[in-house]
Every structure is written in C-alpha cells, then in structure tokens.
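Student: One structure is given below, represented as structure tokens, and several questions about it will come after.
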Amino acid sequence: MTRGLSNVVPLERTMGHDRQPPPGGQAWPNAEASTFVISGDLRWHVQRLGRGVPALLIHGTGASSHSWEGLAGDLQRDFALTVVDLPGHGFTQAVPRARMSLDAIARDLGALLGTINCTPEVIVGHSAGAAIAARMVIDACLPPPRLVVSINGAILPWSGLAGVVFPPLARLMASGGFAASLLARRAEQPGQVERMIVGTGGRPPDRSIGFYRKLMERPAHVQAALDMMAMWDLDALARDLAQFSPHLEMIACGEDRAVPAEVAFEVCGRVRGASVTYLRKLGHLAHEEDPGAIAAVVRTAYGRVLASADDQAISEQRTGRHT
C-alpha cells in the first residue's frame, strides 16, 4: 500500500511499453532488469533482479543504479533486489528542488515501494542513501525491515567549519542552473571525473568511473545532485536516531575521505543494538571497490539478525511453558 499518497499508477500499466533498457543502451549495468515505473507524478527507473530475501539498494548523491553493479551481481544469488535511481539521478525523472529534501525523497521512495509491492527485509544504503533508509524507517514510509546496512553513511550533520560553510554554498550552487552546466562541461575534460572520485578515497574500477563520467556530463543529473545537497538537513535525523528500531550495521572505511569512519561509531552509540564493521583498506565507494567484501558483511549481519530472532522465539516459548 502507498500510505495515503494519491495518483499512484499501478505497475502493470507501465510494464507493457516501459520495460526497456535505460538510455545508453544495453551497455548500462543490468539494463536487462530495467523498467520504468510511475508512482504518483514521478517516473522512476527501477531494476529488479535475483531471488530470495527481498532487499532494497539506495545509492548516494550523484550516483545511480550503476553503482551497485558488482554488489548486486553477488547478492542476487540470495536476495531479490530492488535497485532504484533517486529522483533526477540516472534515468529517474527530476522533481522540483523542494522535493529533494531528505524527508520528501523518503516519502516518494516509500510510495514507489508500495506501487511495486516491495517490502524489503534488508535495506543497503550508501552515503546519503543510508540517511534516506534511516529516514524511511523512522517515518514509517515502509514496514520495518529486519536489517539496514549503511556503507559509509552520511547520517550526521557536517561538523566544524564545514557545517557552517557547506549548506549555504550548496544552496548557492544549486540556484539558477549555471553551476550544473559548468560542472557538466568540466566533466568532459579528461581526468576531471577520475580526480573527483579518487579524491573521496579509494579507487573503484575504471568501468564504474566511466559510468560516472557519462552521468556527470549531463547537466540534469548534476543539477539533481546539487539540489539534493542544497536541501539536505541531517539535524532532525540525528535527533531522531533513538527511534530507529531495526538492526543497523554500519560499514566504516579507513580510506574514506568523504565520510570519516568516526561517524559510524558515533551513530552506533546513538542507535540501540547497532554495530560497526571497519574495513581499513577501502574508501568511500567501498561497494564498488570490493563488492565481495561488502556482500560478506551483508550476509553475516543478516545471519546474525535471523539467529537473534530465533533465540528470542525460543526464549518466549520457554517463558510461555513456565507461566
């Protein structure tokens, strides 16, 4: 169900003519699993692949479904994956800047999941995608999953001088569209996108960098990323973390220059039962650098959650027999 959002077009009305690879042709990762889904007034690019435990993958700011190519290829053996492009990113329709806030994206994504009857037991979010996952859970935009895995999650506000300077700078860059056009033109210059990505720490495969280059050369994609940064407000999320109920597995990486590993440990201290896996040699795009390592963390964390649930059920049965 879609929790009160109107104008939701059922998935079956789009499957006939919209099941097609995204622009860019069959070379786009998992294009054969792509479909376009209308939910409310928004047309989403969605990929669904694999069988098993239902899981949702949410990319970060400036990325797209391509970011999950390696991890999805591993997890699809055990998980029924739903992979989305966020609004304005990749091949999902853009929305006004006011709908690029954390709360609004969480609501819109929750409505999409209702449209396609997806109730994930596991959510994996990278960077800003982890913040979206947390907001969706806290705001009840979907039934509670068993597990949320945060990969270098940007869940807490910027600290120090960056917290003062970055938000107004992001709003300035997002206004007018000039900055998006300028950045898209710069992305066409050899080495620009590579330097930006490597600057976040670590080194994803050249193939992945090539897809980032294609995305960054599109002003509309860049504008969506700028709008998202301009509207981002993590103060309320930080205050609400105590309301987070599923198990939270924080993956922190030693080479991440975008989100310090300390953020994961601080979040772990605010969320009951949360745990941290520290991967010293990986950077911000850890799931692209070493998808096997991230898949192992997801499987291990999910196994622990199931074991804990079994232990609780056994304990309740024993308690019942002695009452």
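Student: Test of understanding: ordering I38, I123 by Cβ neighbours within 10 Å, fewest first, what list do you get? Kindly include the intermediate steps, with their values, before the conclusion.
Tutor: Working: I38 19, I123 26.
Starting with the residue having the fewest Cβ neighbours, the order is I38, I123.
Student: Moving on to the next point. Ranked highest first by average number of other Cβ atoms within 10 Å, how do 181-188, 254-261 line up?
Tutor: Details: 181-188: 15.2, 254-261: 18.2.
The most tightly packed comes first, giving 254-261, 181-188.
Student: Next question, about the same structure. What nm distance separates the two modelled labels at A140 and R77, each placed 7 Å from Cα along Cα→Cβ?
Tutor: It is 3.9 nm.
Student: Post the alpha-carbon centroid distance, segment 86-119 to segment 191-265, in whole angstrom.
Tutor: The two parts, judged by their Cα centres, are 17 Å apart.
Student: Take the Cα atoms of segment 103-150, find their three principal axes, and give me the spread along each one in whole Å, biggest first.
Tutor: Extents along the principal axes: 25, 22, 16 Å.
Student: What ³J(HN,Hα) values, in whole Hz, does the Karplus curve 6.51 cos²θ - 1.76 cosθ + 1.60 give for segment 60-69 when θ = phi - 60°, with x put for Gly and Pro?
Tutor: Coupling constants for segment 60-69: x, 4, x, 9, 6, 4, 4, 4, 9, 3 Hz.
Student: Figure the gain on full extension for A98 and A242 (residue separation times 0.36 nm, minus the Cα-Cα span) and round it to one decimal in nm. The partial results should precede the final answer.
Tutor: On the way: separation 144, 0.36 × 144 = 51.84 nm, distance 2.65 nm.
Working it through step by step, the gained length comes to 49.2 nm.
Student: Using θ = phi - 60° and the Karplus form 6.51 cos²θ - 1.76 cosθ + 1.60, what ³J(HN,Hα) does each residue of segment 127-141 get, whole Hz, x for Gly and Pro?
Tutor: Listing the rounded values in order: 6, 5, x, 5, 5, 4, 4, 5, 5, 4, 5, 5, 8, 6, 6 Hz.
Student: Could I have the simple spin-label model distance between R280 and T119, label points 7 Å from Cα toward Cβ, reported in nm to one decimal?
Tutor: If labels sit at R280 and T119, their model points lie 4.3 nm apart.
Student: Given Cα pairs under 8 Å that are at least 6 residues apart, what percent is the relative contact order of segment 48-97? Intermediate values should be presented prior to the final figure.
Tutor: Numbers: 78 pairs, mean separation 23.0, N = 50.
The value is 46 percent.
Student: Can you tell me, using C-alpha contacts under 8 Å and at least 6 residues apart, the relative contact order of segment 177-291 as a whole percent? Provide the component values of the computation, followed by the final result.
Tutor: Values: 150 pairs, mean separation 35.4, N = 115.
About 31 percent, as a whole number.
Student: Which residues' amide hydrogens lie under 5 Å from the amide hydrogen of M250, considering only partners 5 or more residues apart or on another chain, with H built in the peptide plane?
Tutor: Under 5 Å from the amide H of M250 lie the amide H atoms of S150, S275, V276, T277, each far enough along the sequence or on another chain.
Student: Let me ask another. Apply the Karplus parameterisation 6.51 cos²θ - 1.76 cosθ + 1.60, with θ equal to phi minus 60°, to every residue of segment 71-78 and state each ³J(HN,Hα) to the nearest whole Hz, in sequence, with x for glycine and proline.
Tutor: Calculated HN-Hα couplings, in order: 5, 4, x, 7, 5, 5, 5, 10 Hz.
Student: Just the Kirkwood number for segment 57-100, please: inverse of mean 1/r across all distinct Cα pairs, in Å, one decimal. Don't skip to the end; give the middle numbers.
Tutor: Numbers: mean 1/r = 0.0881 Å⁻¹.
After inverting the pairwise mean of 1/r, the radius is 11.4 Å.
Student: Taking the Cα-to-Cβ direction at E194 and at E262 and moving 7 Å from each Cα, how far apart do the two end points lie in nm?
Tutor: Placing both labels 7 Å along Cα→Cβ, they lie 3.3 nm apart.
Student: Let me ask you something else. Calculate, in whole percent, how much of the Cα-Cα pair population of segment 43-133 lies beyond 20 Å. The partial results should precede the final answer.
Tutor: Values: 1094 of 4095 pairs.
Counting pairs separated by more than 20 Å, the tail of P(r) holds 27 percent.
Student: Quote to one decimal, in nm, the extra length available between R218 and R304 on full extension: 0.36 nm per residue of separation minus the C-alpha distance between them.
Tutor: On the way: separation 86, 0.36 × 86 = 30.96 nm, distance 4.20 nm.
Gain on stretching R218 to R304: 26.8 nm.
Quick note: the coordinates plus some simple rules give every number you see, no bench work behind them. Computed from a predicted model, the values in this text were never measured in an experiment. Note that we place each Cβ from the backbone using ideal geometry, even for glycine, and neighbour counts take in every protein chain shown.
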